[in-house]
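Below: the structure, in structure tokens.
The values are calculated or read from the model by the stated rules, or taken from the named source; none is laboratory data. As the structure is a prediction and not an experimental result, all values here were calculated from the model. SASA here: full protein model, heavy atoms, side chains in, ligands and nucleic acids out. Shrake-Rupley method; radii C 1.70, N 1.55, O 1.52, S 1.80 Å.
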Amino acid sequence: PSFPEVAPLDISPHFQRPPPPTKTAPPNGHDLEAAMSAYNVVAGRCGLARAQRLTEPRRKKLVLRLAECGGLAGWGEALKVLEANAFLKGDNDRGWRADFDFLLQQSSFTKIMEGSYGRATRSSPLWS
């Protein structure tokens, strides 16, 4: 049997590089304090340990996390996931709870933003 001629499929748009991430201004001291304060508000509502000091190691990690998520708005989205996630609040077989340092770890923060932890209320990742 003879097959009809098929026009070539242009798949090049599917292999283009994504645009570079939008550059945001580096977080300032106020942003860092605001991020820690926002965490403490959520921690208080969820029964998690509150952060007492923004030490230099924490400051460095927080600068990186804020840069990764687009600033305070993205940080707020991560805190919404934390607050809505029973696993991160201790509903797990060990009673383990997330804390500020856990949130500052790159791998943990990425998983939170992707919706990878337990019974989160979000069904899709925050990053696309």
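Based on protein heavy atoms only, the stretch 43-92 ends up with 51 Å² per residue of surface accessible to a 1.4 Å probe.
Extents of the stretch 24-89, largest first, come to 33, 22, 16 Å (Cα atoms, principal axes, whole angstrom). Maximal additional length on extending the Glu56-Asp91 stretch stands at 9.5 nm, based on 0.36 nm per residue less the C-alpha distance.
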